[in-house]
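Contents: one structure, followed by commentary.
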Amino acid sequence: MCVTLEQFRFCIFIVMTPQSSVSSTDLKQLASQLTGDFYDDNTMRTLYATDASAYREMPLAVAIPKTLEDIKTLLAFAAGKQISLIPRTAGTSLAGQVVGSGIIVDTSRHFTKILEINPEERYVIVEPGVIRDELNMALKPYGLYFGPETSTANRAMIGGMVGNNSCGSNSVVYGSTREHLLEVKAILADGSDVTFGTESPEAFKSKVPASAVSLADKIYAKTFEILSNPANQHEIRKEFPKRSVERRNTGYALDMLLETEPFTPAGEDQEVVPFNMCKLIAGSEGTLCFLTEIKLNIIPLPPTTQGLLCAHFTSIDEALRATILALKYKPQAVELIDNYVLECAATNKEQKANAFFVQNTASGEYPAILVVDLSRETKEEVEALAQALEADFRQAAMGYHFPLLFGDDTKKIWTLRKAGLGLLSNLPGDEKAVAVIEDTAVDVFDQPQYIIEFNDILKKHGMSAVHYAHAGSGELHLRPIINLKTREGHEQFRTIAEEIATLVKKFQGSLSGEHGDGRLRGEFIPQMVGQHNYELFKELKRTWDPHNILNPGKIVDTPPMDTFLRYEADHETPEFKTYFRYPDQTVLQHAEQCNGSGDCRKTEMSGGTMCPSFMVTRNEKDTTRARANILREMLTNSPKENRFDNKEIKEVYDLCLACKGCKGECPSNVDVAKLKMEFLQHYHDEHGVPMRSWLVGNFTKLTGLASYVPWAYNMIFKNAPLRKIANQVVGFHPERTMPLLHDTTLVSWYKKRRKSSFTSDKKVYLFCDEFTNYNDVEIGKKAVQVLEKLGYEVIIPKHGPSGRPQLSKGLLKDAKKIAEENVRLLKDVISYDTPLIGLEPSAILTFRDEYPDLVDEDLVEDAKKLAMNALQFDEFISREIELKHISKNSFSKEKRLIKLHGHCQQKAISSMVPTKRMLSLPENYTVQLIPSGCCGMAGSFGYEKEHYDISMKIGELVLFPTVRKQAEDVIIAAPGTSCRHQIHDGTGRKALHPAEILFEALV
């Protein structure tokens, strides 16, 4: 029988990898010995089977250790059972570093303490689960900073940054994590504790005993044996990437250790570099030891005035040649954004706004942009440097547009640049920009020619690539467009990797610059550093990890790079009949847009809405990423006819608030709220609609009936004992108060006053949503009166409810009927000049968000037209202010401070800018946005008995504490009815709708 090279490589990997003989009883016994959590269920294993790479491998179990003893228990178990442990923090690895068949050990939940900040000696000691950006928040009051900054810095954890030796955009100044790693405390493979740090030659030699006994002794002895050997020294210096390549991160950093004393004494032009084993640990991907404490060098904060020269070029080659000129000005960073990234940005609401500064070429094409960070202490210094650099560019006939941006605009540019990875997942269909040779680094002077030859290789194969990131460091993230669902795609994946590896070696570059070797590049390490040096790596690994339990299959003895891929070649999936439309893609492809970059793992400290449940639980299961992953897994592999009918999906989606934060903030545009609604309807099709969901979905009908006897309804829900009983009957939490009914409806009030109401040539149509009609009638009255006072005739047209309650519970069949009725009733009435205005964001925004993808095909164009002219009250007033139709003269000159909490769906689909502009109409009103995400209520979610506690904890993240701090005369504003209710229940304060505030300001 013939064996292919791929099969042979795979067999070698299987032989080298610890094989599991672990029973469920063994796992239960292990779980009982841990103080942290332990999962061996299919759901959690599935969620940890992937990271941000192209790889997927089902782990044996997932452990969430809480103590050092938990880690030692896991190590002992792994050694005894010959299984592997895979250390993991945020799980944003791009090369498959944190996938494997053993036990995933996730330290991101409990190992999150900053243990010591020493500003005098400029160091900080942290646990591996500390987030990079949050570390810098803690250091800022001291005027200090941890330099390396990855694009994932708002969720990337220090343990992972050490494991990958992360760099980031500012590495031209700050280098990599390795340069800042002073000392680590770790647990070795045998469970022994060890500390590695800077050592003098004498101290190092004292740790190399004549006969090594402990594992630490053996590690020092092996290191000395390898690096003191002249033949090894020659091979390392000959085969490793050349030293001018600063981002050389291929394999274990023996070349770095070799340049320290006692192996390389100081020369005339070379300062003494003391030995520090941390140089080897950085970039070792958790294959050598388990880090528990990390001591980092910290530096003074960057210059106070950030100025970004955003130089526009007609080609990538021109931009790369210009990079060499830019480096003469000692910039903080030189980053490339290519035309593909800008094209993708145009399809993402948040990033389109961030790309405001882009000016296309004379032929109308997107440019290649070089973002040159010229930060200095004063604006004058920045401007002088920018003028000089622009003059150099123009003299060299490079570039055509050179905007210089300051202040908040710089944040928008960096957000756009950092979103590159996620944006590239927006490509519709199965072809994606794939991470395969995205981490190559060469000498910056070689970079233009390298990229020319790189693109020649792709062109030969009929392919193209995305180019972005660290031009100033000689490392562009280059992603070819490949369909990894096909056999041809798998072949392209390997072919491109092989040919580019050869090209990188030609330029004496590094195949891995900052993303690590992992599963993706480990196979090519012998080619990159030579077989002799690769054998040294294997010796090191065997010494540090005798039983091969620490993240095996990474760096050495890796499986073939085209095995264990997330997508099986030519795997057939059925066509899914869905209730929503997914333009230019299927529901599965929409879920697959999630590339695992983990933007949804940021915490409340970084701001934003996504993802509120994760911010509270810190559980991977409660991330947006997890929800996309579980749906992808079940739709791809479930044996059921209705592949949505899986309890695993239901479990993972349980804490999704459907807040829409992901639609606005996920750079991959994954709308998990939409996916949840879709799933729920299919699940209801199999199991029926639960009673509570039916009650919530029929809110309008039931409240309409109750509105005939509002006194009876209110008598029950104003009385705490009766309310608690009623709540428990329907499945709501007894402590949750209920919205009361008004003694009339808004429609009834409107009809009674209609004959005597104001008339005008300027007409607007008010969408009287179900919440305003029954509960928030006073808000509706005041909105009508404000509009009339400002000269607009208000008409409530014939229409149905919004359908929001039905949508929230996945009753899409009912919601579809409502949507189609409203489109038919309003399509010939609503226009730009006669817009539809709504007061409740979640109701009026259904016209823009869900309706166009829900109605029948023959109504799509009508729904889209209607969506364009369906405005929130705030948006309409803001528009009229810009058109000079409304002036401040109609409003009070009193001084007031307003604290504004934004509605989640408003932030995702619209913006808080119109609300702020409207509330600033009274000239002495100061409006400040509360930096809160979701309030935690999210429709019925916060009422439900099993969700109430999570709901209140979400409120306690930012919103409640901020509201409680405000003086009594500060106005709390919230457009959303659920938000106002949550603020009341959580703080006792009454929040006002912006329309109420404007009404009170009328003169």
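The values are calculated or read from the model by the stated rules, or taken from the named source; none is laboratory data. Remember, predicted model here, so these are calculated numbers, not experimental data. Here the Cβ is made from the backbone with ideal geometry for all residues, glycine too, and neighbour counts use every protein chain on show. Please note that ligands, DNA and RNA were not included when accessible areas were found on the heavy atoms of the full protein model with its side chains. Shrake-Rupley method; radii C 1.70, N 1.55, O 1.52, S 1.80 Å.
Size estimate for the chain follows the Kirkwood approach: the inverse of mean 1/r over distinct Cα pairs works out to 30.5 Å. Close amide H partners of residue 275, meaning residues 5 or more places away or on another chain with modelled amide H under 5 Å apart, are 199, 261. A viscosity of 1.002 mPa s and a temperature of 20 °C, combined with the Kirkwood radius over C-alpha pairs in the Stokes-Einstein formula, give segment 886-972 a diffusion coefficient of 148 µm²/s.
Which of rounded, prolate, oblate describes segment 433-514, given a ≥ b ≥ c as roots of the alpha-carbon gyration tensor eigenvalues and a/c under 1.5 marking rounded, otherwise prolate only if a/b is larger than b/c? Please report the intermediate quantities before stating the final value.
Working: a/c = 1.91, a/b = 1.73, b/c = 1.11.
In terms of gyration-tensor shape, prolate.
Could you state the number of Å between the C-alpha centres of segment 449-463 and segment 675-726? One Cα centre to the other: 61 Å. The slack between residue 23 and residue 694, meaning 0.36 nm per residue of separation minus the straight C-alpha distance, is 237.2 nm.
What is the sum of charges, Lys and Arg at +1 and Asp and Glu at -1, for the other residues whose Cβ falls under 15 Å from the Cβ of residue 824? Please report the intermediate quantities before stating the final value.
Values: positive: 798, 816, 817, 827, 864, 865; negative: 820, 821, 828, 856, 857, 858, 861, 862.
Every neighbour counted, the sum reads -2.
Over all orientations, segment 213-252 has a Cα convex hull whose mean projected area works out to 3.5 square nanometres.
For segment 760-807, rounded, prolate or oblate, judged on the Cα gyration tensor with a ≥ b ≥ c (square roots of eigenvalues), a/c < 1.5 rounded, else prolate if a/b > b/c? Since a/c reaches 1.5 but b/c is at least a/b, the shape of segment 760-807 is classed as oblate. When each of the peptides 800-810, 154-164 is scored by how many other beta carbons lie within 10 Å of its residues on average, the order from highest to lowest is 154-164, 800-810.
What Kirkwood hydrodynamic radius do you get for segment 909-959 when you take the inverse of the mean 1/r over all pairs of distinct Cα atoms, in Å?
On the way: mean 1/r = 0.0777 Å⁻¹.
Over segment 909-959, the inverse of the mean reciprocal pair distance is 12.9 Å.
Pairs of Cα atoms nearer than 8 Å and 6+ residues apart set the relative contact order; for segment 329-380 it is 56 percent.
Arrange the residues 754, 723 by how much accessible surface each exposes, largest first, with a 1.4 angstrom probe.
Numbers: 754 130, 723 25 Å².
My answer, sorted largest first, is 754, 723.
Ordering 878, 546, 536 by Cα displacement along the dipole of the chain toward the positive end leaves 878 in first place; charges were set at the Cβ atoms of Lys, Arg (+1) and Asp, Glu (-1).
Could you tell me whether segment 666-781 comes out rounded, prolate or oblate from its Cα gyration tensor? Rule is a ≥ b ≥ c as square roots of the eigenvalues, rounded for a/c under 1.5, then prolate if a/b exceeds b/c, otherwise oblate. Oblate, since a/c reaches 1.5 and b/c is not below a/b. Every Cα-Cα pair of segment 277-422 was included, and the share exceeding 22 Å stands at 48 percent.
Given +1 at the Cβ of Lys and Arg, -1 at the Cβ of Asp and Glu and no other charges, the dipole of segment 357-492 around its Cα centre is 500 debye to the nearest 20.
At full extension, residue 202 and residue 827 could sit 216.6 nm farther apart than now, given 0.36 nm per residue minus the alpha carbon distance.
Report for the chain the percent antiparallel among DSSP-assigned beta bridges with both residues inside it, nearest 5. Write down the numbers at each step before the final one.
Working: 57 of 84 bridges.
Close to 70 percent.
Expressed as a whole percent, the accessible surface of segment 266-376 that belongs to carbon and sulfur atoms is 49, based on a 1.4 Å probe. Per-peptide packing, taken as the mean over residues of other Cβ atoms within 10 Å, places 503-514, 107-118, 990-1001 in the sequence 503-514, 990-1001, 107-118 from highest down. Using a simple spin-label model with pseudo-atoms 7 Å out from Cα toward Cβ, residue 705 and residue 568 lie 5.0 nm apart. Is any residue of segment 515-547 close enough, with backbone N under 18 Å, to a label point placed 7 angstrom from the Cα of residue 238 along the Cα-Cβ axis, and if so, which? Under cut-off, by backbone N: 526-537.
Here the calculated FRET efficiency for residue 69 and residue 212, from their Cβ-Cβ distance with R0 = 35 Å, stands at 0.85, rounded to the nearest 0.05. Among 711, 749, the sequence by solvent-accessible area, most first, with a 1.4 Å probe is 711, 749. Helical runs assigned H by DSSP (4 residues or longer) give the chain a calculated mean residue ellipticity at 222 nm of -12000 deg cm²/dmol, each run adding -39500 (n - 2.57) before division by the residue total.
Normalising the average separation of contacting C-alpha pairs (under 8 angstrom, six or more residues apart) by the number of residues puts the relative contact order of segment 271-414 at 38 percent. Measuring from centroid to centroid over Cα atoms, what is the spacing of segment 600-618 and segment 842-903 in Å? Going from one Cα centre to the other spans 27 Å. Of the two radii for segment 548-664, the radius of gyration is 1.02 times the Kirkwood radius, both from the alpha carbons; that is the Rg over Rh value. Using the Cα coordinates of segment 829-910, the gyration tensor eigenvalues translate into equivalent-ellipsoid semi-axes of 29, 17, 7 Å, sorted from longest to shortest.
Counting only protein heavy atoms, what percent of the accessible surface of segment 28-134 is carbon or sulfur at a 1.4 Å probe?
On the way: 1550 of 3410 Å².
The value for segment 28-134 is 45 percent carbon and sulfur by accessible area.
Taking every C-alpha pair closer than 8 Å and separated by at least 6 residues, the mean separation divided by the residue count of the chain gives a relative contact order of 10 percent. The residues of the chain present an accessible area of 38 Å² per residue when probed at 1.4 Å with all protein chains retained.
Above 19 Å lies some portion of the pair distances; for segment 856-1003, what is it as a whole percent of all C-alpha pairs? It works out to 56 percent of all Cα pairs. Here the accessible area is traced with a 1.4 Å probe on the protein chains. For segment 771-869, carbon and sulfur cover 47 percent of it.
Listed peptides 734-744, 975-985, 120-130 appear in the order 975-985, 120-130, 734-744 once ranked by packing, highest mean of other Cβ atoms within 10 Å at the front. Loop-located GluC sites (Glu not before Pro) in segment 927-982 (DSSP state not H, G, I, E or B) with no more than 14 neighbouring Cβ atoms inside 10 Å: 946, 968.
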